[in-house]
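Novice: A single structure is presented below for examination.
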């Protein structure tokens with residue numbers, strides 16, 4: 001009788017563990033519950049949002065390592081062909097925020113994957129991150145580059161509707177002119 005109870009309990013435990021693996025995916029859900037560590041931290045600095053989002057999406061700091069943010073903020077006079085210079089005190093405050101919340105200083109799962117994928121490199125573009133590239137490699141160019149509503153992988157919020165809040169869930173992808181994307 002004790003062996004039957006032990007076998008039943010063992011079977012239940014194995015089933016419970018297996019369900020966690022089955023329901024775990026890369027889009028922020030595990031067993032039906034949201035976990036903070038599965039995406040990236042949302043932007044939490046109003047000054048950063050105000051300064052940077054006036055031209056493009058305020059990218060969550062957890063999408064680049066600290067060295068990348070330091071390089072990027074040090075080159076604002078030529079920010080991808082535009083002059084985005086800021087007053088020195090503003091630039092320092094934003095750099096401090098970005099570095100403190102960078103991918104390599106985060107415990108969010110996607111940030112950890114960004115960090116692992118870049119190694120010791122400090123890419124300036126989020127689209128140069130190997131992890132990001134691997135997540136988008138199956139999407140045809142016609143849905144991105146020749147799609148007037150997207151244009152580039154750097155336009156995250158065109159398809160990732162919750163990108164600015166740090167959520168890049170596959171369930172939330174909606175490519176303009178195409179609809180939901182599913183691999």
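Novice: List the number of the failed condition for residue 85; all other conditions in (1) free of Cβ contacts under 8 Å to residues at least 24 places away in the same chain; (2) over 17 Å from residue 124 (Cα atoms); (3) not in a helix (DSSP H, G or I) hold.
Specialist: Going through the list (1) free of Cβ contacts under 8 Å to residues at least 24 places away in the same chain; (2) over 17 Å from residue 124 (Cα atoms); (3) not in a helix (DSSP H, G or I), residue 85 breaks only (2).
Novice: Please go through the range 115-134 and give me each residue that is part of a helix (DSSP H, G or I) and without any contact (Cβ under 8 Å) to a residue 60 or more places away in the chain, ordered by number. Please lay out each step first, then the result.
Specialist: At the first step, the residues of the range 115-134 found to be part of a helix (DSSP H, G or I) are 115-118, 126-128, 130-134.
The answer is 115, 116, 117, 118, 127, 128, 130, 131, 133, 134.
Novice: May I ask you to list pairs of residues, at least six apart or on different chains, whose Cβ atoms are under 7 Å apart, with the first in the range 163-179 being exposed (fewer than 15 other Cβ atoms within 10 Å of the Cβ) and the second being part of a helix (DSSP H, G or I) and modelled with pLDDT of 90 or more?
Specialist: Between residues of the range 163-179 that are exposed (fewer than 15 other Cβ atoms within 10 Å of the Cβ) and residues that are part of a helix (DSSP H, G or I) and modelled with pLDDT of 90 or more, the close pairs are 174/159; 176/158.
Novice: Of all residues in the range 150-175, count the ones that are touching a helix residue (DSSP H, G or I) at 6+ places or on another chain (Cβ under 6 Å), farther than 23 Å from residue 115 by Cβ, assigned to a loop (DSSP other than H, G, I, E, B) and at pLDDT 90 or above.
Specialist: Residues in the range 150-175 being touching a helix residue (DSSP H, G or I) at 6+ places or on another chain (Cβ under 6 Å), farther than 23 Å from residue 115 by Cβ, assigned to a loop (DSSP other than H, G, I, E, B) and at pLDDT 90 or above: 1 in total.
Okay, residues lined up against (1) within 20 Å of residue 156 (Cβ to Cβ); (2) crowded, with 19+ Cβ neighbours inside 10 Å; (3) touching a helix residue (DSSP H, G or I) at 6+ places or on another chain (Cβ under 7 Å); (4) at pLDDT below 95:
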{"position": "54", "(1), (2), (3), (4)": "yes, no, no, yes"}
{"position": "67", "(1), (2), (3), (4)": "no, no, no, no"}
{"position": "77", "(1), (2), (3), (4)": "no, no, no, no"}
{"position": "94", "(1), (2), (3), (4)": "yes, yes, yes, no"}
{"position": "123", "(1), (2), (3), (4)": "yes, yes, yes, no"}
{"position": "146", "(1), (2), (3), (4)": "yes, no, no, yes"}
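The values are calculated or read from the model by the stated rules, or taken from the named source; none is laboratory data. Everything quoted here is computed from the prediction, not taken from an experiment. We place every Cβ from the backbone using ideal geometry, glycine too, and count neighbours over all the protein chains shown.
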